[in-house]
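Here the structure is laid out as structure tokens; the discussion comes afterwards.
The values are calculated or read from the model by the stated rules, or taken from the named source; none is laboratory data. It should be emphasised that the depicted structure is a prediction, and the values quoted were computed from it without experimental measurement. As a convention, Cβ positions derive from the backbone with ideal geometry for all residues, glycine included, and neighbour counts pool all protein chains shown. Each accessible area value is taken on the protein alone, full model and side chains, heavy atoms only, with ligands, DNA and RNA left out. Shrake-Rupley method; radii C 1.70, N 1.55, O 1.52, S 1.80 Å.
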Amino acid sequence: KYLTELTKENSALRKRSAGDELDQAFENVKEVNGISILGVLLHDADRDTLREMADKFRQKYPTGAAVIATVINDAPALVATLTKDLVAKGWKAGDLINFVAEPLGGKGGGPPHLAQAGGKTTDGLEDSLARITDWVEERTK
């Protein structure tokens, strides 16, 4: 019982910490052709937290694309999310996640609004996250 409580408490602290990091990252959200864009690396998050942070992004930005990453067991874990209006245009989070994860040796997928991927290397993770801008620009030409 005690271990279960500690695990829950640890998870809650991680989520709060990731939420704080995401709030800070919101200050650096870029805009490309009216679309809010965020690529962010969160420290000490798990996959559930990445998905929750993706939901938080979609709630805050009416039109946007984000890739949120963390490192788990020395390997990158990424979640891509798109707002409903972009999905309605035929955009797919799976395409975005694969574009961003490819340089990391990763591949992923999921429903059109939320996709996940892993990777083999964290080398160039920040650069890969920056690729989201290229992906959005390509689709808004």
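Values for this structure:
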read-out: Among the listed pairs Lys1/Lys60; Lys60/Lys107; Lys8/Lys60; Lys60/Lys92, those beyond 31 Å (Cα-Cα); value: Lys1/Lys60
read-out: Gap separating the Cα centres of the range 1-26 and the range 76-96, nearest whole Å; value: 25
read-out: Rounded to whole Hz, the Karplus (6.51, -1.76, 1.60) HN-Hα couplings of the range 64-78, x for glycine and proline; value: x, 9, 9, 10, 10, 10, 8, 10, 10, 6, 6, 10, x, 10, 10
read-out: Solvent-accessible area per residue for the chain (1.4 angstrom probe, square angstrom); value: 54
read-out: The chain - share of DSSP beta bridges that are antiparallel (%, nearest 5); value: 75
read-out: Using alpha-carbon coordinates, inclination of helix 125-139 to the longest axis of the chain, degrees; value: 30
read-out: Alpha-carbon radius of gyration plus Dmax, which is the widest Cα pair, for the chain in Å; value: 14.8, 56
read-out: Cβ-placed point charges (K, R +1; D, E -1), dipole of the range 12-104 about Cα centre in debye, nearest 20; value: 340
read-out: Share of carbon and sulfur in the accessible heavy-atom surface of the chain [1.4 Å probe, %]; value: 48
read-out: Length-normalised contact order of the range 1-74 in % [C-alpha pairs under 8 Å, at least 6 apart]; value: 32
read-out: Highest to lowest packing among 5-12, 85-92, scored as the average C-beta count within 10 Å; value: 85-92, 5-12
read-out: Long-range amide H partners of Gly39 with built H, under 5 Å; value: Val67
read-out: Qualifying aspartates and glutamates (Cα of each under 12 Å from Cα of Lys84; at least 8 residues distant if same chain); value: Asp55
read-out: Amide H within-cut-off set for Thr63, under 5 Å, with H built and near neighbours excluded; value: Ser36
read-out: HN-Hα J in Hz across the range 38-44 - Karplus 6.51, -1.76, 1.60, θ = phi - 60°, x for Gly and Pro; value: 9, x, 9, 9, 9, 8, 6
